[in-house]
Amino acid sequence: MDQYYPFEVTPLPYSYDSMLPCCDSNNLHFHHGQFYANEVYRLNRLVERHRLTHLSLVDLLTQDINLPTAHANRVRDAAGSVYNHQLYFDGLGDAGSASPTGRLTQQLADSYGTVPNFVRLLTEAAQSIPGAGWVWLVTESNGNLHIAITRDNETVDLNFISPIFVLDLWEHAYLPVHQFDIAQYVRSYLSRLNWEKAEQRYAHAQERGQPRQSFFH
């Protein structure tokens, strides 16, 4: 279900010390317990200050906000950070599988030829981001898959496409463990990706037909 004010820090579905080689315990404690938690606090303060408590997290990202541009941009930036981080953390698992399963496997093959070729293109997308951003695997309602890139705390257009998973390309996510080896970071992320949950998101997006609801559960 979608989330409403007051927004809360979503607990991790795994332990802080179970995500190697993607990230170690210290990195995950900072990333989830401090950085993401501060972003949730920032969003709550902004939503309360601008009297937007009636809007859901997805509403804040998809609807026009009747505020001066600078204020609206701050709200959308905070909402994007919270949404993106929740999808990132929720997509990982301490028993990550080596490869996708089910319908998602076939669609990856149809879209990219092979899973290794998909990984290569995902890595190239991650390496192409100047500064901070996010790399997404998204689907349209017709089942087509796309690799997408957003800068800073932007999200993909949730009115038209549904996220399957997202990779955090801010330095705080990868620098402590992987330094500037983005290819290594992508490989380690995929080794801890919960492909079963990704498959569920993909199937749910096709059944629903329109990407309007939140994927977090």
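Structure data summary
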item	result
Any hit, the range 108-118, residues being over 15 Å from the mean Cα position of the chain (by Cα), within 17 Å of R201 (Cα to Cα) and surrounded by fewer than 18 Cβ atoms within 10 Å (Cβ to Cβ)	no
When residues of the range 67-79 are limited to those that are among the aliphatic types (A, V, I, L, M) and closer than 20 Å to D2 by Cα, the one surrounded by the most Cβ atoms within 10 Å (Cβ to Cβ)	A79
Selection count, the range 191-200, where residues are in a helix (DSSP H, G or I) and out of contact with any Cys (no Cβ under 9 Å at 6 or more places or on another chain)	6
Every residue from the range 2-19 that is more than 29 Å from S56 (Cβ to Cβ) and either without any contact (Cβ under 8 Å) to a residue 40 or more places away in the chain or aromatic (F, W, Y) (or both)	D17
One residue from R151, R76, R120 being more than 26 Å from R49 (Cβ to Cβ) and at pLDDT 95 or above	R120
Sole residue being in a strand (DSSP E or B) and without any contact (Cβ under 8 Å) to a residue 60 or more places away in the chain, chosen from I149, I164	I149
Within the range 96-146, considering residues that are part of a loop (DSSP other than H, G, I, E, B) and of a type in the set (S, T, Y), the one farthest from L61 (Cα to Cα)	T114
The range 67-95 - residue that is in a loop (DSSP other than H, G, I, E, B) and of a type in the set (A, V, I, L, M, F, W, C) and, of those, nearest to the chain's Cα centre (by Cα)	A95
Neighbours by Cβ (under 7 Å, 6+ apart or cross-chain): first from the range 35-57, over 19 Å from D2 (Cα atoms) and at pLDDT 95 or above; second surrounded by 12 or more Cβ atoms within 10 Å (Cβ to Cβ) and not hydroxyl-bearing (S, T, Y)	F35/H172; H50/L67; H50/H71; H50/V75
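Okay, residues lined up against (1) farther than 26 Å from A205 by Cα; (2) not hydroxyl-bearing (S, T, Y):
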{"residue": "T10", "(1), (2)": "no, no"}
{"residue": "Y14", "(1), (2)": "no, no"}
{"residue": "H31", "(1), (2)": "yes, yes"}
{"residue": "A37", "(1), (2)": "yes, yes"}
{"residue": "E48", "(1), (2)": "yes, yes"}
{"residue": "D59", "(1), (2)": "no, yes"}
{"residue": "A72", "(1), (2)": "yes, yes"}
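The values are calculated or read from the model by the stated rules, or taken from the named source; none is laboratory data. This is a predicted model, so every value here is computed, not measured. We place every Cβ from the backbone using ideal geometry, glycine too, and count neighbours over all the protein chains shown.
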